[in-house]
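Worksheet: the structure to be examined is printed underneath.
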Amino acid sequence: MDYNSFFTRDYKSLMEQAPRRRLRWTGLHTLLLVSVMVTVSTVLIFVSADAEATRSAVPSPVANESPARRITIPLNFPALQADEETQPLTQPAATAPASTDDQAESALEADWRTVKVRRGDSLARIFRREGLAPTDLHRIVELGRITRTLRNLRPGQVFRFQVDADGRLLAMEYEINRLESLIVTRRDDGFEARAVQHTLESRLAYAAGEIHSSLFEAGKAAGLTDGLIMELVGIFGWDIDFAMDIRRGDSFSLLYEEQYLEGEKVKDGPIVAAEFTSQGRTYRAVRYTDARGRTDYYTPDGHSMRKAFLRTPVDFRRISSRFGRRHHPTLNRMKMHKGVDYAAKRGTPIKAAGDGRIVFRGRKGGYGRVIIIQHGGRYSTLYAHMSAFKKGLRVGSRVRQGQIIGFVGSSGRATGPHLHYEFRVNGVHRNPLTVKLPDAAPIRREYVQDFRLKTEGLLSQLDMHNRTRLALRQP
Ligand SMILES: [Zn+2]
């Protein structure tokens with residue numbers, strides 16, 4: 001068996017899967033299979049009714065405070081001005097370019113044509129089709145960087161052209177996406193372009209559910225999208241193993257933002273506060289953005305929901321092979337080395353790099369005796385060539401950071417005793433020596449007061465909703 005292929009394959013397929021499949025992979029779907037029936041309890045009906053009532057009523061207290069909340073889509077407009085931010089999508093009267101009385105009159109008569117971009121369209125093609133002057137096209141394109149976005153049209157995008165009675169282009173609106181438009185207007189001396197960004201209005205929504213068959217089913221019943229369910233898993237994934245720990249009767253509740261554009265919901269998220277009760281233990285998390293713009297989830301007392309990693313899982317003598325391409329000593333050919341080799345004496349204890357759960361423990365081809373630990377939703381670590389496993393550990397065992405899991409050896413394809421260590425983020429091999437490890441630092445002292453100020457309200461709102469829900473449950 002190829003040295004790395006076994007694990008690579010699993011992770012690769014995981015990577016390429018949609019969120020829903022990824023959820024299944026975590027084992028939730030096993031629970032689904034085992035479960036007797038999907039029962040949507042009256043609780044959930046109450047919950048959704050409650051959530052419905054909450055949705056429009058609660059203004060988001062974080063609306064103006066978290067910069068990370070604001071949807072930012074890569075902008076090709078270096079010239080975008082802050083004061084151009086909020087502008088309704090269609091406002092023909094306002095965008096009518098009228099610099100002379102004559103023009104103003106013709107603008108009033110002129111109508112707006114809506115054109116959808118077809119497959120293979122370029123602006124030149126659209127201009128031709130619409131009978132617009134190629135010279136105008138040329139002048140618009142020549143406006144510079146701001147109109148560069150016109151080079152990459154995608155099918156389905158919308159153009160609006162305002163044309164006067166003589167078929168002359170007066171204005172053009174290009175809807176890049178729901179949040180951004182480019183508006184080009186005729187002036188006396190040519191054209192003028194400006195970028196317009198439509199800001200989203202965010203509202204707070206509440207949802208809650210109790211798990212009968214799987215988190216996925218319960219989440220759906222509570223009205224959550226796949227994305228929100230995955231977000232929830234991501235937040236609590238360090239404390240709760242969603243593949244193994246979920247039991248019937250576990251419950252969750254959350255406050256999340258819903259983003260609206262002109263009264264229409266365009267997307268969900270982020271989650272701003274959440275609670276998860278698993279096997280009688282309750283975990284709470286709240287989202288906070290500090291003054292530097294760093295956003296993370298914390299426990300109500302300000303500890304990070306994430307758990308840090310040890311940079312090195314073994315006391316080593318030297319690094320005998322680094323991450324990257326190298327000549328493989330035993331295979332005698334160039335190969336990608338997907339981890340780091342730490343030379344150490346046989347029998348040296350190997351420590352779990354972080355809190356997690358063992359997802360593999362056994363022999364596997366060139367790896368020899370190997371353990372893989374899953375940490376939260378995104379990270380996993382692999383420890384190979386062990387001489388022995390620590391007794392009492394099995395697949396499914398929870399390990400703490402620093403806990404001994406095995407001992408250095410040279411099992412499998414190894415030239416001498418060493419630990420081959422791999423670090424994966426979302427299934428992709430990363431260099432353990434340089435990968436940016438999740439920052440698990442608590443709230444910095446200077447932000448503690450601000451943290452309390454901003455998160456207490458969210459947490460008490462969550463509590464209030466939960467109390468109402470429980471009260472409704474009583475017969
Ligand atoms: Zn190695």
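The values are calculated or read from the model by the stated rules, or taken from the named source; none is laboratory data. This structure is a prediction, so every number in the text was calculated from the model and none was measured. Ideal geometry is used to build each Cβ from the backbone, glycine not excepted, and the neighbour counts take in all protein chains shown.
For the range 417-445, what are the residues that are within 16 Å of the ligand (Cβ to nearest atom) and among the acidic types (Asp, Glu)?
Of everything in the range 417-445, just one residue is within 16 Å of the ligand (Cβ to nearest atom) and among the acidic types (Asp, Glu), namely GLU422.
Please give the number of the condition PHE127 fails out of (1) free of Cβ contacts under 8 Å to residues at least 12 places away in the same chain; (2) surrounded by fewer than 18 Cβ atoms within 10 Å (Cβ to Cβ); (3) more than 25 Å from the chain's Cα centre (by Cα).
Every listed condition holds for PHE127 apart from (2).
Considering only the range 453-475, state which residues are under 21 Å from ALA285 (Cβ atoms) and in contact (Cβ under 8 Å) with a residue 24 or more places away in the chain. It would help to see each step written out before you state the result.
Going through the range 453-475, the residues under 21 Å from ALA285 (Cβ atoms) turn out to be 453-470.
Across the range 453-475, the qualifying residues are LYS454, THR455, GLY457, LEU458, LEU459, GLN461, LEU462, HIS465, ASN466, THR468, ARG469.
Any residue in the range 329-337 that is touching a residue at least 24 places away in the same chain (Cβ under 8 Å), in contact with a strand residue (DSSP E or B) (Cβ under 8 Å, 6 or more places away or on another chain) and within 13 Å of the ligand (Cβ to nearest atom)? Break it down into steps so the answer makes sense when it comes.
If we filter the range 329-337 for residues that are touching a residue at least 24 places away in the same chain (Cβ under 8 Å), which is where we start, we get 329-331, 335-336.
Filter once more, so that each one left must be in contact with a strand residue (DSSP E or B) (Cβ under 8 Å, 6 or more places away or on another chain): 335-336.
Then drop every residue that is not within 13 Å of the ligand (Cβ to nearest atom), which leaves 335-336.
Scanning the range 329-337, I find at least one residue that is touching a residue at least 24 places away in the same chain (Cβ under 8 Å), in contact with a strand residue (DSSP E or B) (Cβ under 8 Å, 6 or more places away or on another chain) and within 13 Å of the ligand (Cβ to nearest atom), so the answer is yes.
Can you find even one residue in the range 396-405 that is in the same structural domain as ALA343 (by TED's automatic domain parsing), touching a Pro at 6+ places or on another chain (Cβ under 9 Å) and among the β-branched types (Val, Ile, Thr)?
Yes; the residues of the range 396-405 include at least one that is in the same structural domain as ALA343 (by TED's automatic domain parsing), touching a Pro at 6+ places or on another chain (Cβ under 9 Å) and among the β-branched types (Val, Ile, Thr).
Taking only pairs six or more apart or across chains, which ones have beta-carbon atoms under 6 Å, a first residue in the range 416-442 that is under 16 Å from PRO313 (Cα atoms), and a second residue that is within 16 Å of the ligand (Cβ to nearest atom) and acidic (Asp, Glu)?
HIS418/ASP341; HIS420/ASP341
I want to confirm something. Restricting to the range 394-421 and keeping residues that are in contact with a Phe, Trp or Tyr (Cβ under 8 Å, 6 or more places away or on another chain) and within 27 Å of ASP239 (Cβ to Cβ), which single residue is surrounded by the fewest Cβ atoms within 10 Å (Cβ to Cβ)?
VAL395
Scan the range 182-205 and report the pairs whose first residue is outside any strand (DSSP E or B) and whose second residue is of a type in the set (Phe, Trp, Tyr), with Cβ atoms within less than 9 Å and a gap of 6+ or a chain change.
Listed by first residue and then by second, the contacts come to LEU200/TYR260.
Here are some conditions: (1) among the aliphatic types (A, V, I, L, M); (2) out of contact with any strand residue (DSSP E or B) (no Cβ under 6 Å at 6 or more places or on another chain); (3) within 16 Å of the ligand (Cβ to nearest atom). ALA308 meets all but one. Which one does it not meet?
For ALA308, the exception is condition (3).
Determine which member of the set ASP268, ASP239 is in contact (Cβ under 8 Å) with a residue 12 or more places away in the chain, within 21 Å of LEU437 (Cα to Cα) and surrounded by 15 or more Cβ atoms within 10 Å (Cβ to Cβ).
Details: ASP268 fails: within 21 Å of LEU437 (Cα to Cα).
The match here is ASP239.
For the range 347-375, give me the residue count where each residue is within 30 Å of the chain's Cα centre (by Cα) and crowded, with 23+ Cβ neighbours inside 10 Å.
So the answer is 8.
Pull up the range 407-416, narrow it to residues that are within 12 Å of the ligand (Cβ to nearest atom) and closer than 15 Å to PHE389 by Cα, then point me to the one that is farthest from the chain's Cα centre (by Cα).
The residue in question is SER410.
Report yes if some residue within the range 463-474 is away from the ligand (no atom under 16 Å from the Cβ), under 20 Å from THR312 (Cβ atoms) and part of a loop (DSSP other than H, G, I, E, B); otherwise report no. Before the answer, list the steps.
Keep residues of the range 463-474 that are away from the ligand (no atom under 16 Å from the Cβ), which gives 463-474.
Right, trim to under 20 Å from THR312 (Cβ atoms) and you get none.
The answer is no; no qualifying residue exists.
LYS391 passes all but one of (1) in contact with a Ser or Thr (Cβ under 8 Å, 6 or more places away or on another chain); (2) surrounded by fewer than 24 Cβ atoms within 10 Å (Cβ to Cβ); which number fails?
(1)
For every residue, the table says whether it meets (1) farther than 30 Å from GLY412 by Cβ; (2) acidic (Asp, Glu); (3) modelled with pLDDT under 95.
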{"site": "LEU254", "(1), (2), (3)": "yes, no, no"}
{"site": "ASP268", "(1), (2), (3)": "yes, yes, yes"}
{"site": "ARG284", "(1), (2), (3)": "yes, no, no"}
{"site": "PRO300", "(1), (2), (3)": "yes, no, no"}
{"site": "ARG306", "(1), (2), (3)": "yes, no, yes"}
{"site": "THR312", "(1), (2), (3)": "no, no, yes"}
{"site": "LYS338", "(1), (2), (3)": "no, no, yes"}
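Among the numbered criteria (1) more than 30 Å from LEU255 (Cβ to Cβ); (2) part of a loop (DSSP other than H, G, I, E, B), which one does LEU137 miss?
That leaves (2) as the condition not met.
What tally of residues in the range 373-406 results from selecting those that are among the hydrophobic types (A, V, I, L, M, F, W, C), closer than 17 Å to PHE360 by Cβ and more than 16 Å from the ligand (Cβ to nearest atom)? Talk me through it step by step, then tell me what you get.
Pass one, the range 373-406, residues among the hydrophobic types (A, V, I, L, M, F, W, C): 373, 382, 384, 386, 388-389, 393, 395, 399, 404-405.
Now narrow it down to the ones that are closer than 17 Å to PHE360 by Cβ: 373, 382, 384, 386, 388-389, 393, 395, 399, 405.
Right, trim to more than 16 Å from the ligand (Cβ to nearest atom) and you get 373, 388-389, 393, 395, 399, 405.
Total meeting the criteria: 7.
Being part of a helix (DSSP H, G or I), of a type in the set (Gly, Ala, Ser) and either buried (at least 17 other Cβ atoms within 10 Å of the Cβ) or in contact with a helix residue (DSSP H, G or I) (Cβ under 7 Å, 6 or more places away or on another chain) (or both) is the requirement here; does ALA273 meet it? Even if it seems obvious, please write down each step before you answer.
On the way: part of a helix (DSSP H, G or I): no; of a type in the set (Gly, Ala, Ser): yes; either buried (at least 17 other Cβ atoms within 10 Å of the Cβ) or in contact with a helix residue (DSSP H, G or I) (Cβ under 7 Å, 6 or more places away or on another chain) (or both): yes.
Answer is no for this residue.
In the range 343-357, is there at least one residue being within 12 Å of the ligand (Cβ to nearest atom) and within 12 Å of TYR383 (Cβ to Cβ)?
Pass one, the range 343-357, residues within 12 Å of the ligand (Cβ to nearest atom): 343.
Subset that is within 12 Å of TYR383 (Cβ to Cβ): none.
Checked the range 343-357: no residue is within 12 Å of the ligand (Cβ to nearest atom) and within 12 Å of TYR383 (Cβ to Cβ).
How many residues are touching a Pro at 6+ places or on another chain (Cβ under 8 Å) and either within 18 Å of VAL359 (Cβ to Cβ) or among the aromatic types (Phe, Trp, Tyr) (or both) when one looks only at the range 233-277? Break it down into steps so the answer makes sense when it comes.
As a first pass, look at the range 233-277 and keep what is touching a Pro at 6+ places or on another chain (Cβ under 8 Å): 256-257, 262.
Pick out the ones that are also either within 18 Å of VAL359 (Cβ to Cβ) or among the aromatic types (Phe, Trp, Tyr) (or both) and you get 256.
Of the residues in the range 233-277, 1 are touching a Pro at 6+ places or on another chain (Cβ under 8 Å) and either within 18 Å of VAL359 (Cβ to Cβ) or among the aromatic types (Phe, Trp, Tyr) (or both).
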